[in-house]
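Below is one structure; the comments refer to it alone.
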Amino acid sequence: MAKKIKLSPMLKEVLCQIFRKPATRKYPEVKPKVPDDFRGRQIFDIDLCIGCGLCARDCPAEAIEMVDVEEKKKPLFHLDLCIFCYQCAESCPRNAIKTSKFFELASTNKYDLVIKPQTKSKKEMRRKNDSGTGRSGIGCFGFFGSLP
């Protein structure tokens with residue numbers, strides 16, 4: 001009589017998974033489509049900001065700090081603390097804070113996750129410095145600098 005070969009449950013599962021469609025997506029190579037109302041990194045336009053501080057006051061995570069920029073108060077965003085609820089964008093009377101679809105915020109340095117308000121002169125200087133690298137100083141983030 002021939003003996004039946006018994007497969008362990010784990011080996012059986014491995015063999016079944018080899019022939020199935022992958023459960024994960026090919027993320028780094030193929031960028032996912034994000035919905036229109038996706039809450040990504042904030043876009044801040046310093047020219048529209050009046051420095052009222054409503055964004056910092058209403059932020060539930062206390063991720064916005066008002067700092068002096070040319071003797072006016074402007075918001076400084078701490079993305080490492082932000083919960084991306086966009087209460088700041090809803091509170092802004094001048095719509096200086098807008099949503100974006102940029103979600104790749106991983107960083108080994110927490111200072112990369114701080115969005116500092118910059119004036120036009122600093123923005124133009126940064127654009128000139130970044131022009132040789134092929135990276136735009138404005139990008140889709142208003143006056144925050146180039147993409148990581």
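Bear in mind these aren't lab numbers, they're just calculated from the coordinates by the rules spelled out. Everything numeric in this text was worked out from a predicted model, so none of it was measured.
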Exercise for review: Go through segment 72-85 residue by residue and turn each phi into a ³J(HN,Hα) via Karplus (6.51, -1.76, 1.60, θ = phi - 60°); whole Hz please, and just put x for glycine and proline.
Suggested key: 10, 7, 9, x, 10, 9, 9, 5, 6, 9, 5, 9, 6, 7
Practice item. Report, ordered by chain and residue number, the aspartates and glutamates lying within cross-link reach of LYS31, taken as a straight Cα distance under 14 Å and ignoring same-chain residues fewer than 8 apart. Key: GLU104
Study note, to complete from the structure: Expressed to one decimal in nm², the mean projection of the alpha carbon convex hull of segment 45-115 is 4.8 nm²
Practice item. Show the residues, 5+ positions off or on another chain, whose built amide H is closer than 5 Å to the amide H of MET66. Key: LEU76
